[in-house]
Amino acid sequence: MRITTHFNGADVERAFESYVERRLRFALARFGSHVGQVTVRIGADGRTRNECRISTEVLPFGRVSVEESDPDLFAALDRATGRIGRLFGRELGRARDSRMSRESVRTAA
């Protein structure tokens, strides 16, 4: 898993970057080699709203992404990492189901 973090207009410290990596590893580590490049974009729209966008490659199937916003940057990040973990698992499940249904049709003939 390769993680790239971009801070656009957000006033954060390096400790926050390690928090982002820890949360992503917790959410995506169980998927192992299916996780490709992970891109995190964190931005601030004034003092009232912080945005967190996470985009992840699902190898070899494609890409999934989520976006969350909240006045609390940590809350936005926590919700986004939780959603990306669930979405990633759902996408892998769909790929497995479609692959298994094709195989079962072939073996039935």
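Below, the figures for the structure above:
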{"quantity": "The listed residue being charged (D, E, K, R), over 16 Å from D70 (Cα atoms), in contact with a strand residue (DSSP E or B) (Cβ under 6 Å, 6 or more places away or on another chain) and at pLDDT below 90, out of E17, E21", "calculated": "E17"}
{"quantity": "Complete set of residues in the stretch 26-42 that are under 16 Å from F74 (Cα atoms) and surrounded by fewer than 16 Cβ atoms within 10 Å (Cβ to Cβ)", "calculated": "F26"}
{"quantity": "Sole residue being touching a residue at least 40 places away in the same chain (Cβ under 8 Å) and more than 21 Å from T5 (Cβ to Cβ), chosen from G85, G89, G62", "calculated": "G89"}
{"quantity": "Evaluation of R22 against (1) in contact with a Ser or Thr (Cβ under 6 Å, 6 or more places away or on another chain); (2) among the charged types (D, E, K, R); (3) more than 30 Å from D97 (Cβ to Cβ) (one fails), failing number", "calculated": "(1)"}
{"quantity": "Every residue from the stretch 45-59 that is crowded, with 17+ Cβ neighbours inside 10 Å and touching a residue at least 24 places away in the same chain (Cβ under 8 Å)", "calculated": "N50, E51, C52, R53, I54, T56, V58"}
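The values are calculated or read from the model by the stated rules, or taken from the named source; none is laboratory data. No experiment lies behind these values; they were computed from the predicted model shown. Because the Cβ atoms are built from the backbone with ideal geometry, glycine has one as well, and the counts that use them run over all protein chains shown.
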